[in-house]
1. Before we move on, is Ser86 of a type outside the set (Lys, Arg), part of a helix (DSSP H, G or I) and either surrounded by 22 or more Cβ atoms within 10 Å (Cβ to Cβ) or touching a residue at least 24 places away in the same chain (Cβ under 8 Å) (or both)?
2. Can you find a residue that is in a loop (DSSP other than H, G, I, E, B) and under 14 Å from the mean Cα position of the chain (by Cα) anywhere in segment 126-141?
3. Could you pull out the residue among Tyr66, Tyr31 that is within 23 Å of Gly98 (Cβ to Cβ) and modelled with pLDDT of 95 or more?
4. Taking interchain pairs and intrachain pairs at least six residues apart, which have beta carbon atoms under 9 angstrom, with the first residue in segment 141-158 and charged (D, E, K, R) and the second assigned to a loop (DSSP other than H, G, I, E, B)?
5. Starting from residues that are closer than 21 Å to Ser103 by Cβ and of a type in the set (A, V, I, L, M), keep the ones in segment 118-154 and report whichever is surrounded by the most Cβ atoms within 10 Å (Cβ to Cβ).
6. Which residue pairs have Cβ atoms under 7 Å apart, sit 6 or more places apart or on different chains, and have a first residue in segment 17-43 that is farther than 17 Å from Ile181 by Cα and touching a residue at least 40 places away in the same chain (Cβ under 8 Å) and a second that is among the acidic types (Asp, Glu) and part of a loop (DSSP other than H, G, I, E, B)?
7. Only one residue in Ala157, Ala171, Ala164 is surrounded by fewer than 16 Cβ atoms within 10 Å (Cβ to Cβ) and either at positive phi or among the aliphatic types (A, V, I, L, M) (or both). Which one?
8. Of the conditions (1) surrounded by 15 or more Cβ atoms within 10 Å (Cβ to Cβ); (2) modelled with pLDDT of 95 or more, Leu193 clears all except one; give me its number.
Amino acid sequence: MKNIVILISGGGSNMAAIVRTAQRDSWHTKYGARVAAVISNRADAGGLALAREQRIDAEVVDHKAYGSREGFEAELAAAIDRHQLSLVVLAGFMRILGPGFVSRYAGRLVNIHPSLLPAFPGLHTHQRAIDAGCKVAGATVHQVTAELDHGPILDQAVVPVLAADTADALAARVLTQEHLIYPRAIARLLPQLR
């Protein structure tokens, strides 16, 4: 079985979209794949309840409980590895991961970023796109490398930036596209995974 472990920090809407797509499209039968676990760095992440409702293992590895990033990442890796993973999916996981962690899961670690990379890596992407006068914005699914938001691009979606857009309005429009492209990009990867 190809086990997918999803890392979240909040409400888990992308995680929920992936789980729904996996069920709807029978990833278990089609690819021998399943979402095996959801892990959050925050005990109050709403997505944990969603995972439990779907009978998916849900765990917390609270980054605040560790004195260093290395300590947190070692415990996070131990939690991930208990699930004999094929793929680690960052879905609103709001922690920057160090090079050692990234190299441990090289080729098996993906992220979604709310901009059309390589434009606007990092935070506040929607406001930065508006401030720059962009006509379009969007989201990018990419493989994770040690350089923040610069891994090989797996999929992208484009939305228009409207004259009256606020960062929140643009974010909401981009999020609807994230829910489509993230499961699609994962499904394309599954045949290649062990």
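The values are calculated or read from the model by the stated rules, or taken from the named source; none is laboratory data. On a predicted model such as this, the values are computed, not experimentally measured, just so you know. Neighbour counts run over all protein chains shown; Cβ positions are idealised from the backbone, glycine included.
1. no
2. No, the conditions are met nowhere in segment 126-141.
3. Among Tyr66, Tyr31, only Tyr66 is within 23 Å of Gly98 (Cβ to Cβ) and modelled with pLDDT of 95 or more.
4. Qualifying pairs under 9 Å: Glu147/Pro121; Asp149/Ser115; Asp149/Leu117; Asp149/Pro118; Asp149/Phe120; Asp149/Pro121; Asp149/Gly122.
5. Per the stated criteria, the residue is Val141.
6. Pairs found: Asn41/Asp62.
7. Details: Ala157 fails: surrounded by fewer than 16 Cβ atoms within 10 Å (Cβ to Cβ); Ala171 fails: surrounded by fewer than 16 Cβ atoms within 10 Å (Cβ to Cβ).
Within the list Ala157, Ala171, Ala164, the selection yields Ala164.
8. Going through (1) surrounded by 15 or more Cβ atoms within 10 Å (Cβ to Cβ); (2) modelled with pLDDT of 95 or more one by one, Leu193 breaks only (2).
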